[in-house]
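Asker: A single structure is presented below for examination.
The values are calculated or read from the model by the stated rules, or taken from the named source; none is laboratory data. Quantities reported herein were computed from a predicted structural model and do not represent experimental measurements. Cβ: placed from backbone, ideal geometry, glycine included. Neighbour counts: every protein chain shown. Heavy atoms of the whole protein, side chains included, go into the accessibility calculation; ligands, DNA and RNA do not. Shrake-Rupley method; radii C 1.70, N 1.55, O 1.52, S 1.80 Å.
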Amino acid sequence: MEPIIQIENLHKYFGKLHVLRGINLEVARGEVVVVIGPSGSGKSTLIRCINRLEDFQEGRIVVDGIELSHDVRNIEAIRREVGMVFQQFNLFPHMKVLDNVTLAPIKVRKWPREKAVEVAMQLLERVGIADQAEKYPAQLSGGQQQRVAIARALAMQPKIMLFDEPTSALDPEMVGEVLDVMRELAKSGMTMIVVTHEMGFAREVADRVIFMDQGQIVEEGKPDTLFANPQHERTRAFLARVL
Ligand code: ADP
Ligand code: MG
């Protein structure tokens, strides 16, 4: 079957800084890929390229048959297919939880409010915070806010979900509740790319782990294989620090 994400020879520069240096990656439908690597290795930049939050200078990205080009119609189409969750939850602080989740479906998908509310409440139920729907983000814990952010992304019915260190800004006792939601999402068959330092999650949920360093994919494999038997010195050195 055709991969849902195809990345070929991707190069990205910030000015003179060569941040992605020839990335090749294919992700299958329903696959969960965890990306690990040191700070500054290009993990965020890579996943931001996939929904065109960043442009790139060389190479190709095709998402579900849509070529990422400069054509804004393609960019809009991609944004509808790809949900993203950030380290900082990025909720709209002046809007209630429910309105955070219904905003994009109403504005972008042109859903009537009733339908958007119905779907939003189902999603808030799914992430375990339907009872917080009428609150404002600041009234919620970090873990609850991140679960709202996941519900908000899911409200657009994406085919792919990208997570950029979704638990890194959380107090330790709230990490588990967010990982639980992500685990459930993975089980439901969602295609996911997750940048995380949570190696337990990677081991348990990832179909494949990718180790990046200095803008390149150094090594990839099934989590058990990669963690137990890394082939490259850079991977070994990184894992020795985080495992
Ligand atoms: P990671 O997520 O692995 O920590 P990033 O993708 O954030 O790495 O960053 C990769 C490199 O690109 C780093 O050297 C970083 O400083 C640089 N970088 C990231 N974003 C920008 C930007 N907007 N402008 C200039 N340099 C950037
Ligand atoms: Mg990053």
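Asker: Residues Arg29, Arg52, Arg79, Arg60: which one is under 15 Å from the mean Cα position of the chain (by Cα), open to solvent by 60 Å² or more (accessible area, probe 1.4 Å) and farther than 30 Å from Asp131 by Cα?
Answerer: On the way: Arg52 fails: open to solvent by 60 Å² or more (accessible area, probe 1.4 Å); Arg79 fails: farther than 30 Å from Asp131 by Cα; Arg60 fails: under 15 Å from the mean Cα position of the chain (by Cα).
Testing whether each residue is under 15 Å from the mean Cα position of the chain (by Cα), open to solvent by 60 Å² or more (accessible area, probe 1.4 Å) and farther than 30 Å from Asp131 by Cα leaves just Arg29.
Asker: Now a separate question. Can you tell me which residues in segment 151-165 are within 16 Å of ligand 2 (Cβ to nearest atom) and within 19 Å of Arg79 (Cα to Cα)?
Answerer: Taking segment 151-165 as the starting set, the residues that turn out to be within 16 Å of ligand 2 (Cβ to nearest atom) are 162-165.
Correct list: Leu162, Phe163, Asp164.
Asker: Condition test on Glu125, is it over 18 Å from Phe89 (Cα atoms) and either without any contact (Cβ under 8 Å) to a residue 40 or more places away in the chain or charged (D, E, K, R) (or both)? Don't jump to the end; show me each part of the working.
Answerer: On the way: over 18 Å from Phe89 (Cα atoms): yes; either without any contact (Cβ under 8 Å) to a residue 40 or more places away in the chain or charged (D, E, K, R) (or both): yes.
In short, yes.
Asker: Sticking with this structure for a sec: For the condition among the hydrophobic types (A, V, I, L, M, F, W, C), farther than 24 Å from Val63 by Cβ and out of contact with any helix residue (DSSP H, G or I) (no Cβ under 6 Å at 6 or more places or on another chain), what is the one hit in Leu239, Leu179, Leu185? Before the answer, list the steps.
Answerer: Working: Leu179 fails: out of contact with any helix residue (DSSP H, G or I) (no Cβ under 6 Å at 6 or more places or on another chain); Leu185 fails: farther than 24 Å from Val63 by Cβ.
Of Leu239, Leu179, Leu185, the one residue that is among the hydrophobic types (A, V, I, L, M, F, W, C), farther than 24 Å from Val63 by Cβ and out of contact with any helix residue (DSSP H, G or I) (no Cβ under 6 Å at 6 or more places or on another chain) is Leu239.
Asker: While we're on this one: Is it fair to say His11 is away from ligand 2 (no atom under 16 Å from the Cβ), over 17 Å from the mean Cα position of the chain (by Cα) and assigned to a loop (DSSP other than H, G, I, E, B)?
Answerer: Details: away from ligand 2 (no atom under 16 Å from the Cβ): yes; over 17 Å from the mean Cα position of the chain (by Cα): yes; assigned to a loop (DSSP other than H, G, I, E, B): no.
For His11, the condition - away from ligand 2 (no atom under 16 Å from the Cβ), over 17 Å from the mean Cα position of the chain (by Cα) and assigned to a loop (DSSP other than H, G, I, E, B) - is not met.
Asker: What are the pairs with Cβ atoms under 7 angstrom where one residue, in segment 14-26, is within 19 Å of Gly65 (Cα to Cα) and the other, located anywhere, is part of a loop (DSSP other than H, G, I, E, B) and more than 11 Å from ligand 1 (Cβ to nearest atom)? Sequence gap at least six, or different chains.
Answerer: Once the first residue is within 19 Å of Gly65 (Cα to Cα) and sits in segment 14-26, its partners that are part of a loop (DSSP other than H, G, I, E, B) and more than 11 Å from ligand 1 (Cβ to nearest atom) give Glu26/Pro3.
Asker: Okay, next question. Among (1) crowded, with 24+ Cβ neighbours inside 10 Å; (2) closer than 19 Å to Ile36 by Cβ; (3) more than 16 Å from ligand 2 (Cβ to nearest atom), which single condition is Val148 missing?
Answerer: Here Val148 meets the rest and fails (2).
Asker: Within segment 145-202, can you find the residues that are more than 16 Å from ligand 1 (Cβ to nearest atom) and part of a loop (DSSP other than H, G, I, E, B)?
Answerer: Of everything in segment 145-202, those that are more than 16 Å from ligand 1 (Cβ to nearest atom) and part of a loop (DSSP other than H, G, I, E, B) turn out to be Ala155, Met156, Gln157, Pro158, Lys159, Leu170, Asp171, Ser188, Gly189, Met190.
Asker: Can you tell me which residue is modelled with the lowest pLDDT among those in segment 28-63 that are within 15 Å of Met161 (Cα to Cα), more than 16 Å from ligand 2 (Cβ to nearest atom) and outside any strand (DSSP E or B)?
Answerer: Taking the candidates together, the pick is Arg52.
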